[in-house]
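Worksheet: one structure, shown below.
The values are calculated or read from the model by the stated rules, or taken from the named source; none is laboratory data. Since this is a predicted model, take the numbers as computed values, not measurements. Reconstructed Cβ throughout: ideal geometry from the backbone, glycine too, with neighbour counts over all protein chains shown. For accessibility, only protein heavy atoms count, side chains too; no ligands or nucleic acids. Shrake-Rupley method; radii C 1.70, N 1.55, O 1.52, S 1.80 Å.
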Amino acid sequence: MSTSNTTPVDQRVDPSVAAELREKRKKTIQSSLGRRHRKEKTFRLFGFSAVLAGLFFVVLLFGSILSKGLPAFWQSSMSLPIHFDPAIVEIGPKPKPAAGESPAQFEERMIAWQMDVGMVDWDALIINGMIARDSKLESQRDELGYLYTSSEAYRLRDMVMNDPSLVGQSTEVKILADANVDVWLAGNIDRSLPAEQQQLNPEVRQVADEMKASGVIENSFNTNIFTSPDSRSSPATSGLAGAFMGSLFMMMIVIFISIPIGVASAIYLEEFAPKNWITDIVEVNINNLAAVPSIVFGLLGAAIFIGWMHLPLSAPLVGGLVLSLMTLPTVIITTRASLKAVPPSIRQAALGLGASRLQTVFHHVLPLALPGILTGAIIGVAQALGETAPLLLIGMSAFVASVPATPFDQSTALPVQIFLWQGNELRNFFEGRTAAAIIVLLAMMISLNSLAIWLRKKFEVRW
């Protein structure tokens, strides 16, 4: 029996050479592992650094907004004992309809009485109230008229017109300081600037400082920012009430138009529409619309809703319709993604048990996709809430000094109000108001996103 010429490799290789080869292989493997571990550590370091950089800029942004905006929620004001002196408020009793008097005659008497009320020197009542708080101010009566905002005199007038029985009585009234006085006392202007660059003359600045030191002028919470509309004649009373109601009306329109249409469209495209070239074109266009700049929707809204349908300019109705068009692609895409996430076995089981296609979708698939649908819808509404560009093109950048009562009334919106305040000529005063408005807008958007997270957790179903 002949022996084979083949022998194992380690029998033909010298043991020292084999050991050397094993050592080289070991070093190669260790070197490769070292490179991979270094790359992994480098990648983790870059990822961690990116997260830290993102958090740093977020903290920097919010810190800057809060540092400028929070002080704007407090404003210089004076709580004064206003005495409606009959010697100054020389008006007769408020007219009442008389027997046998025509409406025109009554209206004539009412207009005459209102003119008498308007001719009263209401500023004298405010100045007398300041002196009543601090008798030392009697010698500085001429400077006191510059310390409060002009609209406060009209507020006293309206108080008496609504309740003529105030004449002869005294009541405590909160009087807002003028915007320039508030800027000076808050330190938002450099006090070392020469007198010609200051917004107040030296005597008024001195009186304001003295009244601040004596406690006549004090900082109080600024409720006007929530309860008053914008104002140009009296910047100190400027508020967000008109813009807030405009945004509220628009969001209601978006919710009642965009969400039902978007969800229904997504259900049809995902569950019922035949798969052919027509639906493919529709799907491609929906995806493309989601990437269209928002200003294009503003041009579309201005052309269709205002130019063709002749809807009112600067109305929340038009703004809501434009934002609904802009939000539709987002709602459709997120709804379809939620429907796709439902396992096919759910549909197959329902159909196998005899359910119709409609019952399968609405009784089984839709409840399971509801968390994702709600999340996408609310995120779409939050996105619409912060849009500015399309609203500028439909006239919502116009100055509106009233609070809209219906979606057909002229109005502005929160992001547009921020845009308008940022460009106001009284920058030292409105810079803080702008940051405060941003805080209000961010609070609303964070609330909507928190609601989306809560709804997702509440309706989430695990399978």
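State which residue pairs qualify: first residue at negative phi and of a type in the set (Lys, Arg) and inside segment 115-139, second residue assigned to a helix (DSSP H, G or I) and buried (at least 19 other Cβ atoms within 10 Å of the Cβ) in any location, beta carbons under 9 Å apart, and separation of 6 or more residues or different chains.
Listed by first residue and then by second, the contacts come to Arg133/Met211.
Which pairs do you get when a residue that is touching a residue at least 60 places away in the same chain (Cβ under 8 Å), found in segment 45-65, comes within reach of a residue that is in a helix (DSSP H, G or I), reach meaning Cβ atoms under 7 angstrom, with the pair 6+ apart or on two chains?
Ile65/Ala435; Ile65/Ile438; Ile65/Ile439
Kindly indicate whether any position in segment 187-195 is loosely packed, with under 15 Cβ neighbours inside 10 Å and within 28 Å of the chain's Cα centre (by Cα).
Of segment 187-195, the ones loosely packed, with under 15 Cβ neighbours inside 10 Å are 187, 190-195.
Now drop any that are not within 28 Å of the chain's Cα centre (by Cα), which leaves 187.
Yes, segment 187-195 contains at least one residue that is loosely packed, with under 15 Cβ neighbours inside 10 Å and within 28 Å of the chain's Cα centre (by Cα).
If we scan segment 11-34, do we find a residue that is open to solvent by 50 Å² or more (accessible area, probe 1.4 Å), more than 30 Å from Gln169 (Cβ to Cβ) and either touching a residue at least 60 places away in the same chain (Cβ under 8 Å) or part of a loop (DSSP other than H, G, I, E, B) (or both)?
Looking for residues that are open to solvent by 50 Å² or more (accessible area, probe 1.4 Å), more than 30 Å from Gln169 (Cβ to Cβ) and either touching a residue at least 60 places away in the same chain (Cβ under 8 Å) or part of a loop (DSSP other than H, G, I, E, B) (or both), one finds at least one in segment 11-34, hence yes.
If we scan segment 5-14, do we find a residue that is modelled with pLDDT of 85 or more and over 30 Å from Ala435 (Cβ atoms)? Lay out the reasoning, then the answer.
Step one: list which residues in segment 5-14 are modelled with pLDDT of 85 or more, which gives none.
There is no residue in segment 5-14 that is modelled with pLDDT of 85 or more and over 30 Å from Ala435 (Cβ atoms).
On the given criteria, is Gln359 in a helix (DSSP H, G or I), of a type outside the set (Phe, Trp, Tyr) and under 26 Å from Ala241 (Cα atoms)?
It is false that Gln359 is in a helix (DSSP H, G or I), of a type outside the set (Phe, Trp, Tyr) and under 26 Å from Ala241 (Cα atoms).
Identify the single condition in (1) open to solvent by 50 Å² or more (accessible area, probe 1.4 Å); (2) aliphatic (A, V, I, L, M); (3) part of a helix (DSSP H, G or I) that Ala98 does not satisfy, given that it satisfies every other one.
Here Ala98 meets the rest and fails (3).
Taking the conditions exactly as written (under 30 Å from Val204 (Cβ atoms) and open to solvent by less than 30 Å² (accessible area, probe 1.4 Å)), does Gly118 satisfy them or not?
Judged against the criteria, Gly118 is not a match.
What pairs come out if I take residues in segment 342-354 that are within 12 Å of Glu271 (Cβ to Cβ) and pair them with residues that are acidic (Asp, Glu) and modelled with pLDDT of 85 or more whose C-beta lies under 9 Å away, six or more apart or interchain?
What qualifies is Arg347/Glu271.
Scan segment 363-388 and report the pairs whose first residue is farther than 25 Å from Leu248 by Cβ and open to solvent by less than 30 Å² (accessible area, probe 1.4 Å) and whose second residue is assigned to a helix (DSSP H, G or I) and at pLDDT below 85, with Cβ atoms within less than 9 Å and a gap of 6+ or a chain change.
Partner pairs satisfying both residue conditions: Pro371/Leu455; Pro371/Arg456; Pro371/Lys457; Pro371/Lys458; Pro371/Phe459; Gly372/Arg456.
On the basis of being over 15 Å from the mean Cα position of the chain (by Cα), crowded, with 17+ Cβ neighbours inside 10 Å and outside any helix (DSSP H, G or I), does Gly395 make the cut? Before you say what the answer is, go through the steps one by one.
Working: over 15 Å from the mean Cα position of the chain (by Cα): yes; crowded, with 17+ Cβ neighbours inside 10 Å: yes; outside any helix (DSSP H, G or I): yes.
Yes, satisfied.
Pick from Asp178, Asp182: which is crowded, with 19+ Cβ neighbours inside 10 Å, touching a helix residue (DSSP H, G or I) at 6+ places or on another chain (Cβ under 9 Å), closer than 25 Å to Phe84 by Cβ and not hydroxyl-bearing (Ser, Thr, Tyr)?
Numbers: Asp182 fails: closer than 25 Å to Phe84 by Cβ.
None of the other options fit; the residue is Asp178.
For segment 401-412: of the residues being hydrophobic (A, V, I, L, M, F, W, C) and farther than 20 Å from Ser233 by Cα, which is surrounded by the most Cβ atoms within 10 Å (Cβ to Cβ)? If you could, list the steps in order and put the result at the bottom.
As a first pass, look at segment 401-412 and keep what is hydrophobic (A, V, I, L, M, F, W, C): 401, 403, 405, 408.
With the extra rule that they be farther than 20 Å from Ser233 by Cα, the set shrinks to 405, 408.
Values: Ala405: 10, Phe408: 14.
Per the criteria, the residue is Phe408.
From (1) in contact (Cβ under 8 Å) with a residue 40 or more places away in the chain; (2) of a type in the set (A, V, I, L, M); (3) over 24 Å from Leu339 (Cα atoms), pick out the condition that doesn't hold for Ala303.
Of everything listed in (1) in contact (Cβ under 8 Å) with a residue 40 or more places away in the chain; (2) of a type in the set (A, V, I, L, M); (3) over 24 Å from Leu339 (Cα atoms), Ala303 misses just condition (1).
Within segment 404-463, work out how many residues are basic (Lys, Arg), more than 30 Å from Gly187 (Cβ to Cβ) and not in a loop (DSSP other than H, G, I, E, B). Break it down stepwise before answering.
The initial filter retains those residues of segment 404-463 that are basic (Lys, Arg), namely 427, 433, 456-458, 462.
Next cut, more than 30 Å from Gly187 (Cβ to Cβ) only: 456-458, 462.
Pick out the ones that are also not in a loop (DSSP other than H, G, I, E, B) and you get 456-458.
Going through segment 404-463 one residue at a time, the tally reaches 3.
Collect the residues in segment 293-344 that are open to solvent by 50 Å² or more (accessible area, probe 1.4 Å) and not in a helix (DSSP H, G or I), keeping them in residue-number order.
Answer for segment 293-344, where residues must be open to solvent by 50 Å² or more (accessible area, probe 1.4 Å) and not in a helix (DSSP H, G or I): Pro293, Met309, His310, Leu313, Ala341.
Checking the conditions here, which among Ser150, Ser139, Ser170 is closer than 16 Å to Ser233 by Cβ and not aromatic (Phe, Trp, Tyr)? Break it down stepwise before answering.
Working: Ser139 fails: closer than 16 Å to Ser233 by Cβ; Ser170 fails: closer than 16 Å to Ser233 by Cβ.
Of Ser150, Ser139, Ser170, the one residue that is closer than 16 Å to Ser233 by Cβ and not aromatic (Phe, Trp, Tyr) is Ser150.
Restricting attention to segment 199-226, and to residues there that are out of contact with any helix residue (DSSP H, G or I) (no Cβ under 7 Å at 6 or more places or on another chain) and not in a helix (DSSP H, G or I), which single residue is surrounded by the most Cβ atoms within 10 Å (Cβ to Cβ)?
Here is the first cut: in segment 199-226, the residues out of contact with any helix residue (DSSP H, G or I) (no Cβ under 7 Å at 6 or more places or on another chain) are 201, 206, 209-211, 213-215, 218-220, 223.
Keeping just the survivors that are not in a helix (DSSP H, G or I) gives 201, 215, 218-220, 223.
Working: Asn201: 11, Gly215: 11, Glu218: 14, Asn219: 16, Ser220: 14, Thr223: 12.
This residue is Asn219.
Quick one: is Glu152 open to solvent by less than 40 Å² (accessible area, probe 1.4 Å), at pLDDT 90 or above and not hydrophobic (A, V, I, L, M, F, W, C)? Please lay out each step first, then the result.
Details: open to solvent by less than 40 Å² (accessible area, probe 1.4 Å): yes; at pLDDT 90 or above: yes; not hydrophobic (A, V, I, L, M, F, W, C): yes.
Yes: the conditions hold for Glu152.
So, of the residues in segment 239-276 that are outside any helix (DSSP H, G or I) and open to solvent by less than 60 Å² (accessible area, probe 1.4 Å), which turns out to be farthest from Leu366 (Cα to Cα)?
If we filter segment 239-276 for residues that are outside any helix (DSSP H, G or I), which is where we start, we get 239-240, 273-276.
Of the ones still in play, those that are also open to solvent by less than 60 Å² (accessible area, probe 1.4 Å) are 239-240, 273, 276.
On the way: Gly239: 43, Leu240: 39, Ala273: 16, Asn276: 24 Å.
Ranking the qualifying residues of segment 239-276, first place goes to Gly239.
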